[in-house]
Amino acid sequence: MTKKFYLTTPVYYTNRAPHVGTAYTNVAADVLARYHRQKDEKVFFLTGTDEHGEKIAQAAKEVDKLPREFVDKISDEFKKTWSVLNISYDKFIRTTDKEHEEGVRKFIFQLKEKGVIYQDKYQALYCPNCEDFVQKKDLIDGKCPYHGKEPELVSETNYFFKLDKFLGPVKELIEKDEIEIRPGERKREVLSMINQDLGNLSISREKVSWGISLPFDEKQTVYVWVDALLNYITAIGYGKDESNFNQYWPADLHLIGKDILKFHAIYWPALLLATGLKPPKKIFIHGFLTINGQKISKSLGNTIDPIELSEKYGVDTVRYFLLREISFGQDGDFSIKRLGERHNADLANGLGNLVSRVLTLSERIKPEEKTRGELTPKIDKAKKDYQKAIEGIKFSEALEAAWRLIGDCDNFVEKNKPWKLDKDSEQFKDVVSELLTAVKEIALLLKPFMPETAEKILKQIKENKKAEALFPRL
Ligand code: MSP
């Protein structure tokens, strides 16, 4: 039976257009989706937009637009960006989709049926940018540590979820890696969070009207985080298409940034367990892209537009750079200077040069399909290292493995000096055929990362014809 691979990205807030920080998660997810498809798995790659809540209603108001009109526009901008970046998602969900809204109401109704909801009056601090309650002890100079803004004091009567009841089971699942939290330090972080006082989980808001109304109290709307998390199940037919749902759930991988760990690793599994559903199998948490050490963020106003970046430097250069420069899981500085350096060194000189050299040599011969030789063990090693790295979601290591093979090919060329050989000799033909085989393997390794470039290389090999430079120097 074909293995399935259900992969998700967060649904992005539609308060402002996407930026290179949000593109980071989607490029990473896209590489995994393409890699698993290449392995012939049945991949379902989900992305989308998170469109309800106070923060978005506020953003719409600021530009004198109705929320609906506003989110339509921003959501389109996300789609456009993903198209430019070659993001091969299978579904783009919007939390304003009718199917999603129906699914959310069904799920909330289930919670009520299971007796895990209660009503309470409370007063607490709320950061609209996080769309989360914050505790006084976590503030820095009275401000949210992520957004640098003072939280607002909210006092409401809401419905709450009996989170306490499920913390023990969630903890055990995480400890046993039945919910795999990676990298390991994030697993430890979650476990220590569970041991601290997490407070209650409000699942509704009284004064936020831009949202999905509760099925049993129309005056309240579903808390935007609960609404958003549920996209992972409504997208595959929760409460509507059982057979599709059962085919894909539980998710094989939720890819997220470190700021939304608590919601995904604690609240989400707890909510699922409460209604008798399985938790996700794995959650991988990446770090932040920063500029001069500061998180790239819409709220901080230091964003870079991924479309402009792609137009200027090329889509594959951007995709490559994002995953090569920073070790996935850590924070890392995004610098245009470094992007240019890597473009010239790794792509124009390294990859581009090799491809052009080999295709120039091969013009005179009819290349053989498969040649075993000196490069064969190097190819096998590169493939093995690459596979191990990518299965462990270590993108930069996977790319390093491919680049080691590029280096091996360069050394092989230097050693055999094919330009000194008689072009009609067997030896010349062997050397060039071996190089062509290796370059083809390199293209296949790079295909999930740089789909357009890989296609161009494979086409040139197939037609045995050199085309224009893959990466013109900047
Ligand atoms: N809407 C929520 C997610 C709900 S998922 C059920 C949200 N949206 S967001 O647009 O603010 O962020 C979405 C993702 O983008 C998060 O994983 C976040 O970590 C990531 N990033 C936002 N800025 C980023 C960087 N500067 N660097 C890396 N990732 C960044 O949170």
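Counting only Cβ charges, +1 for Lys and Arg and -1 for Asp and Glu, the dipole size of the range 288-379 around its Cα centre is about 200 debye.
Toward the positive end of the charge dipole of the range 336-463, with +1 on the Cβ of Lys and Arg and -1 on the Cβ of Asp and Glu, the farthest Cα among 395, 382, 362 is that of 395.
Work from the charge dipole of the chain (Cβ charges, +1 for Lys and Arg, -1 for Asp and Glu, about the Cα centre) and give the residue of 181, 296, 275 farthest towards its positive end. Of 181, 296, 275, it is 181. Between residue 4 and residue 414, the FRET efficiency estimated from the beta carbon spacing at R0 = 35 angstrom works out to 0.15. With q set to 0.10, 0.11, 0.12 Å⁻¹, the log10 of I(q)/I(0) for the range 336-463, from the Debye formula over equal scatterers at the Cα positions, is -0.31, -0.38, -0.45. Among the trypsin sites (Lys or Arg not before Pro) found in the range 156-198, those both in a DSSP coil and sparsely packed, with 10 or fewer other Cβ atoms within 10 Å of their Cβ, are 176.
Here's the list of lysines a cross-link from residue 465 could span, going by alpha-carbon distance under 23 Å and ignoring same-chain residues fewer than 8 apart: 366, 370, 417, 420, 423, 429, 440, 447, 456.
Taking the beta-carbon count within 10 Å as an exposure proxy, list 409, 130 from fewest neighbours to most.
So the ranking, lowest neighbour count to highest, is 130, 409.
Unpaired Cys in the chain, meaning no second Cys C-beta under 4.7 Å: 409.
Below 8 Å, C-alpha to C-alpha, sequence gap of six or more: please give me the relative contact order for the range 354-474 in percent. With pairs under 8 Å counted, the relative contact order is 37 percent.
Legend: translational diffusion of the chain by Stokes-Einstein, Rh = Kirkwood radius over C-alpha pairs, 25 °C, 0.890 mPa s; D = 101 µm²/s.
Compared with the direct C-alpha span, the chain from residue 64 to residue 312 gains 86.0 nm at full extension, assuming 0.36 nm per residue.
Can you give the local net charge around residue 303? Use residues other than it whose beta-carbon is closer than 14 angstrom to its beta-carbon, Lys and Arg +1, Asp and Glu -1. With Lys, Arg at +1 and Asp, Glu at -1, the net is 0.
When the square roots of the Cα gyration tensor eigenvalues are ordered a ≥ b ≥ c, the ratio a/c for the range 82-209 is under 1.5, which makes its shape rounded.
Rounded to the nearest 20, the size of the Cβ-charge dipole of the chain about its Cα centre is 800 debye, with Lys and Arg at +1 and Asp and Glu at -1. As a rough footprinting exposure proxy, the listed residues 197, 346, 316 were ranked by other beta carbons within 10 Å of their own, and the order from fewest upward is 197, 346, 316. Relative contact order of the chain: 16 percent, from C-alpha pairs under 8 Å at least 6 residues apart in sequence. Of 313, 13, the sequence from fewest to most neighbouring Cβ atoms within 10 angstrom is 313, 13. Summarising the amide proton neighbourhood of residue 286: residues at separation of 5 or more, or on other chains, whose placed amide H is nearer than 5 Å comprise 256, 257, 258. Ranked by the mean number of other Cβ atoms within 10 Å per residue, highest first, peptides 36-49, 264-277 order as 264-277, 36-49.
Note on the chain: antiparallel DSSP beta bridges, both residues inside, total approximately 50 percent of the bridges counted. Taking square-rooted eigenvalues a ≥ b ≥ c of the alpha carbon gyration tensor, is the range 16-57 rounded, prolate or oblate, where a/c under 1.5 means rounded and, failing that, a/b exceeding b/c means prolate? Oblate, since a/c reaches 1.5 and b/c is not below a/b. Have a look at 83, 58, 194 and report the one farthest towards the positive end of the charge dipole of the chain, computed about the Cα centre with Cβ charges (Lys/Arg +1, Asp/Glu -1). Selected residue: 83. Per DSSP helix of 4 or more residues, -39500 (n - 2.57); summed, then divided by the residues of the chain. What does that give at 222 nm, rounded to the nearest 500? Helix-only estimate at 222 nm: -14500 deg cm²/dmol. When only alpha carbons of the range 332-382 are considered, Rg and Dmax amount to 15.9, 46 Å.
Candidate cross-link partners of residue 278 among the aspartates and glutamates, defined by an alpha-carbon separation under 19 Å and a same-chain spacing of 8 or more, comprise 113, 164, 172, 175, 177, 178, 180, 227, 241, 242, 252. Given their separation in residues at 0.36 nm each and the Cα-Cα distance between them, residue 384 and residue 444 gain 20.3 nm when the chain is fully extended. Among the DSSP helices (H) of the chain, those spanning at least 27 angstrom by Cα along their long axis with an average Kyte-Doolittle hydropathy of 0.0 or more are 426-446; this is a geometric and hydropathy rule only.
Laboratory data are not the source of any read-out in this text; all were calculated from the coordinates shown. Note that the structure is a prediction, hence the values are computed from the model and not measured. Positions of Cβ are generated from backbone atoms using ideal geometry, with glycine treated the same way; all protein chains shown enter the neighbour counts.
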